[in-house]
1. Decide, for the protein assembly as shown, between rounded, prolate and oblate: order the square roots of the alpha carbon gyration tensor eigenvalues as a ≥ b ≥ c, take rounded if a/c falls under 1.5, and otherwise choose prolate if a/b is larger than b/c, else oblate.
2. Please list 3J(HN,Hα) in residue order for the range A:232-239, calculated via the Karplus relation 6.51 cos²θ - 1.76 cosθ + 1.60 where θ = phi - 60°; whole Hz, with x for glycine and proline.
3. Whose amide H sits under 5 Å from the amide H of A:Tyr349, counting only residues 5 or more places off or on another chain, with H placed in the peptide plane?
4. Just counting partner chain Cβ atoms within 10 Å, what average do the residues of peptide A:102-112 show around their Cβ?
5. Determine the shape class of the range A:110-225: with a ≥ b ≥ c the square roots of the Cα gyration tensor eigenvalues, call it rounded for a/c under 1.5, and otherwise prolate if a/b is greater than b/c, oblate otherwise.
6. First select every other residue whose beta carbon is under 14 angstrom from the beta carbon of A:Ser346; then total the charges, Lys and Arg +1, Asp and Glu -1.
7. By how many nm would the segment from A:Ile162 to A:Asp297 lengthen if fully extended, with 0.36 nm per residue of separation less the alpha-carbon distance?
8. Among A:Ile129, A:Tyr81, A:Val201, which residue has its Cα furthest toward the positive end of the charge dipole of the protein assembly as shown, with +1 on Lys/Arg Cβ and -1 on Asp/Glu Cβ?
Amino acid sequence: MKVVLKLRPSNYWRIGEHESWFTDMAKEGLHLRKVGSIFVHFIKEKPKETRYRIDAIHNKEITFEQQQMYAESDWSFVTRYGMFSVFSSPVELNAPELHTDPEEQAYTLKALEKTIVNSALLATIITLILIGLIYFFLFVNSTPTLSFVEGEIIQPLPLFIIIYFTYSLISAAVGIRSLRNKLKEGNAIDHAAPWKRMRKVNLLISNVFIVLAIVTAAIPYIQLGMKETLEMPINDIDVPIVRLSDIEQSTEMVRKKDSMRGDIDRGNSYTYKWSIMAPTQYDAQEHGIVYGEEWKDASGVYSPSTYSKVYKIIFPSMSENLVDDLIEWHGMFEGKEKLLQLEHSSFDYLIIKEDDETKEIFAAKGKGVMYVRYHGYAEMDILLKNVAQQIRLIGE
Amino acid sequence: MEYNSGPMTEAMYYVLLALMNPSDRYRLMNVITEVSHGRVNMGPGTLYGVLVRIQKSGLITLSEDDGRRKKYTITNEGKEALQSEYNRLAALVNDGIILKEGDVDESSSKTETE
């Protein structure tokens, strides 16, 4: 006995389409055996002309009396799913139609409609509360755009599942209500309703959901897998990062070794990151030292450094918000009076801050957003020139 | 959904009518066909649904139940509901008498023309 599984349509309330689907499957030799929660089970046997009818049942269990009554009219019980029972009868027996009064049949769907409408309402309320909570957490978080761009928003998979579940319940409630209204108006169920389109649309929606669910579940792992930290080479690299040597322009400066993790000097390294909203991201830092030169406050040997964050975002419209969030994130809330917004032909949005030997630039150009913090004696103009050069590479 | 007065479905009306004489469900389908002069051939699904519904509403009761064979009888409440529905239908038919008068007018005007 060969069992063939077919994906179960989620719109189970479309009685006519299901009945004609089962009938057409029987013609191809696939006889309905069971409707599972994911698959419909068919048994492969000889093709046969069989009529199928789906009946909403009143009780939790189908009664012996009902089964017997139907059997006396040549309708055999096949299986049950939810509040529906499926009966079949070979065409040659010419069994009387199960339901001969659409208005009466509408009553059989009343209990089901009530259950589904209540569930749909409950699911909608839960979904709205959940969306409200996410919205709340997003904006309690002081840097929502930064979290969004870096892909650190709450794992979207559970939300997808809940939204899909709610969508299914609402569709079911609307579908059952519409079916009941048609029956109440005296329109009988079309037992030969075309089912191919219904199945295609249904499978398409299910597949889109499955793909979305897999992708959203996989994103954190993709992000982790694509993250890579490398040691910053001394020479030029093909990465849009402002280099310390380009700012300092000193032949005396050498690299200042920092803490090592593995083989990588963390103080002179760059990390590539990926997210949907910003497929190219870099974090970079460099430390140099100029022997023979001292800090002006005589605190030791002059040792300039840079720290940068680079984003190539998908939607340039997010760039200003991202810049504002970077300002917030890098602790600028305490020195906001020193922030200076400048008009500059090389940038769409530019904010700088200069505090003795620490200079910071927050810049946006097209799709490119950069934050550079430099600690040293080079002029702001030199720093700006370098940022402009690099941001042009990713801004277009 | 239980019955709460108002217009009955055709199926409910005929089941109650058929049960004016107590009957078991085996015979009920045939009785309904007889009572409706062959116009109504009620399906088992419809019949089962109506029986469950009107039993819950107290319009019929089980006069015999030995587990396998059940005999249904209409209750006084059922009779009242049936009578009330009959009166409603009779009033509808009565109101429709103008259709018949229309026929008469038409035929008489035809005769006059001839």
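Readers should treat all values here as calculations from the given coordinates under stated rules, not as data from a laboratory. Bear in mind that the values here come from a model prediction, so they are computed numbers and not experimental data. In this analysis, Cβ positions are derived from the backbone assuming ideal geometry, glycine residues included, and neighbour counts consider all displayed protein chains.
1. Prolate is the answer for the protein assembly as shown, as a/c is 1.5 or above and a/b outweighs b/c.
2. Once rounded to whole Hz, the list reads 6, x, 5, 7, 5, 10, 8, 9.
3. For A:Tyr349, the qualifying residues are A:Ala364.
4. Counting other chains' Cβ atoms within 10 Å and averaging over A:102-112 gives 5.
5. Because a/c hits 1.5 or more and a/b fails to exceed b/c, the range A:110-225 counts as oblate.
6. Once positives and negatives cancel, what remains is -1.
7. Working it through step by step, the gained length comes to 42.6 nm.
8. Farthest towards the positive pole: A:Tyr81.
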